Amino acid sequence: MIYYLLLILASLAGIALSIFYLRKNIIRIKEKNKSEPKAYKRGLNYVFTGIWYGYLLLFFVGLSLNNLFFG
C-alpha cells in the first residue's frame, strides 16, 4: 500500500517539475529566438520542446492513473 502512495507522490512531483521546467524553457526559447533570423528554426524550438515535455507529462500522468486505479 505504501509503495503505491510513494509512486503516486513521485509522479505528482514529476508532473510539477515538468511544468516548472517547461515554463522555464519557453522563456529561454523566447529569448533565444530574438536573435534567430530563420522562422523555421524559431518554430522548431517550440515543437521539439512541446514533444519532449508532452511525453514527460503523459508518462507521469499515466503513472499516477495506473497506481490510483490499478494499484
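The values are calculated or read from the model by the stated rules, or taken from the named source; none is laboratory data. The structure presented is a predicted model; accordingly, all values stated were derived computationally and were not measured. Using ideal geometry, Cβ is built from the backbone for each residue, glycine included, and neighbour counts are taken over all protein chains shown. Each accessible area value is taken on the protein alone, full model and side chains, heavy atoms only, with ligands, DNA and RNA left out. Shrake-Rupley method; radii C 1.70, N 1.55, O 1.52, S 1.80 Å.
For the reader, a short list of remarks on this structure follows.
- Cα-based helix-to-principal-axis angle, 2-33 vs the chain, degrees rounded to 10: 10
- Of the labelled figures (1) 1.29; (2) 1.23; (3) 1.19, only one reflects Rg/Rh (Cα atoms, Kirkwood Rh) as derived from the coordinates, namely (3).
- A Cβ-based charge dipole, computed about the Cα centre of the chain with Lys and Arg at +1 and Asp and Glu at -1, lands at about 520 debye.
- When the solvent-accessible area of the chain is split by element, carbon and sulfur atoms take up 73 percent of it, the probe being 1.4 Å.
- Probe 1.4 Å, accessible area per residue of the chain, Å²: 79
- Result for the chain in a Gaussian network model with C-alpha springs under 10 Å: among Ile29, Ile19, Ile51, the largest mean-square fluctuation is at Ile51.
- Student exercise, segment 1-40 dipole from Lys, Arg, Asp, Glu Cβ charges, in Debye to nearest 20: 280
- Angle of helix 39-69 to the longest C-alpha principal axis of the chain, folded into 0 to 90 degrees and rounded to 10: 0°.
- Summarising the label geometry, the points placed 7 Å from Cα in the beta-carbon direction at Phe59 and Tyr46 lie 2.5 nm from one another.
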